[in-house]
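Where a number appears in this text, it was derived from the coordinates with a stated rule and is not lab data. This one's a predicted model, so the numbers in the text were calculated from it and none came from an experiment. Neighbour counts are summed over all protein chains in view; Cβ atoms, including those assigned to glycine, are modelled from backbone coordinates with ideal geometry.
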Amino acid sequence: MNATPELGWIGTPRLFDEVVQRVQAAQAQGMDVGLDFHGRVHRPLAKQLAKALEPLGLLFIEEPLLSENPEGLAQIAHMVSTPIALGERLYTRWDFKPFFELGAVDIIQPDLSHAGGLLECRKIAAMAEAYDVAVAPHCPLGPLALAACLQLAACTPNVAIQEMSLGIHYNVGADLFTYCSDKEQLSPKDGFLGIPMGPGLGITVDEAVVREAHKDRHRWRNPIWRQSDGSFAEW
């Protein structure tokens with residue numbers, strides 16, 4: 001889940017009380033928790049927040065800083081035992097390389113729809129394996145993107161977990177299975193996703209539903225988020 005709303009450059013640990021309480025509430029229900037900072041936190045507070053969260057035993061913290069700051073991410077990775085995840089904003093092997101060399105990441109999250117597709121992401125994953133880094137493909141997207149991720153998982157030993165968009169909060173008017181002819185192909189069972197075995201990526205798209213939706217297509221753009229002082233914030 002999201003870790004926190006936008007934070008300023010400096011503050012006190014009291015700012016983290018709500019974050020800690022939400023994690024503890026989820027853990028009290030028997031859930032394991034990973035927290036996504038979305039790069040919204042600047043380094044002075046990100047270090048404090050990562051340290052405050054360390055005793056909670058999180059699965060990972062994602063993008064505690066933006067990927068433009070590999071040195072800062074390495075500092076946080078070397079400061080806490082919590083695994084660091086990142087990579088949805090990186091697109092080639094050469095983008096990922098400095099994070100491996102600095103020891104700044106434990107779980108990479110390349111997005112197959114943005115980072116060169118199956119072949120480039122397979123090469124990225126192989127490079128990560130040499131550094132004992134896990135892969136968790138970024139995929140808050142639709143059935144074609146998810147099916148591609150599962151085909152990658154079928155041939156990639158260091159894939160650890162798979163993001164999927166089923167029931168996610170921004171699915172308004174359509175969900176993951178809306179455009180699938182066979183919903184069973186991507187349905188999780190006991191917490192696991194099978195590898196689609198049909199032709200191509202292994203799933204069948206309902207083209208009639210896609211054409212109908214295309215009549216009222218939308219042009220998605222990132223929302224504009226701001227700090228309390230009106231300055232721009234990272235979405």
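So what's the back-of-envelope 222 nm ellipticity for the chain, counting only DSSP H runs of four-plus at -39500 (n - 2.57) apiece and dividing by all residues, rounded to 500? Only helices count here, giving -10000 deg cm²/dmol. With charges only on Cβ, +1 for K and R and -1 for D and E, what is the dipole size of the range 1-116 about its Cα centre, in debye, rounded to 20? It works out to roughly 220 debye.
Of LYS47/LYS97; LYS123/LYS189; LYS97/LYS183; LYS123/LYS183; LYS47/LYS183, which ones are farther than 32 Å apart at the Cα?
Those over the limit are LYS97/LYS183; LYS47/LYS183.
The label point for MET1 and the one for SER81, both projected 7 Å from the Cα toward the Cβ, are 2.5 nm apart. For the chain, modelled as a GNM whose springs connect Cα atoms under 10 angstrom apart, the maximal fluctuation among GLU88, GLU63, GLU101 occurs at GLU101. With no solvent and one point on each alpha carbon, what is the Debye value of log10 I(q)/I(0) for the range 159-204 at q = 0.22, 0.29 Å⁻¹? For the requested q values the scattering log ratios are -0.89, -1.21. Under 19 Å Cα-Cα from LYS51, which aspartates and glutamates qualify once same-chain neighbours fewer than 8 residues away are excluded? By straight Cα distance, LYS51 reaches GLU6, ASP17, GLU18, ASP32, ASP36, GLU62, GLU63, GLU71, ASP106. The calculated pair-distance distribution of the range 36-117 uses every alpha carbon pair, bins of 5 angstrom beginning at 0, and gives 3, 17, 30, 25, 15, 7, 3, 0 percent. Highest mean first, the peptides 180-193, 73-86 sorted by other C-beta atoms within 10 Å per residue fall in the order 73-86, 180-193.
What FRET efficiency do you get for HIS169 and GLU101 if R0 is 45 Å and r is their Cβ-Cβ distance, rounded to the nearest 0.05? Write out the running numbers ahead of the final one.
Working: r = 36 Å, r/R0 = 0.81.
So the FRET efficiency works out to roughly 0.80.
Taking the range 50-170, how much of its Cα-Cα pair set, in percent, is spaced more than 18 angstrom apart? So the pairs more than 18 Å apart make up 49 percent of the total in the range 50-170.
The value for the range 99-164 of Rg(Cα) / (2.2 N^0.38 Å) is 1.02.
Rg/Rh for the range 9-82 stands at 0.95; both radii use Cα atoms, and Rh follows the Kirkwood definition.
Its residues counted as N, the chain yields a C-alpha radius of gyration over 2.2 N^0.38 Å of 1.07.
Here the scattering of the range 130-235 is modelled by Debye summation over its C-alpha atoms, one equal scatterer each and no solvent; at q = 0.16, 0.24 Å⁻¹ the log10 of I(q)/I(0) is -0.84, -1.34.
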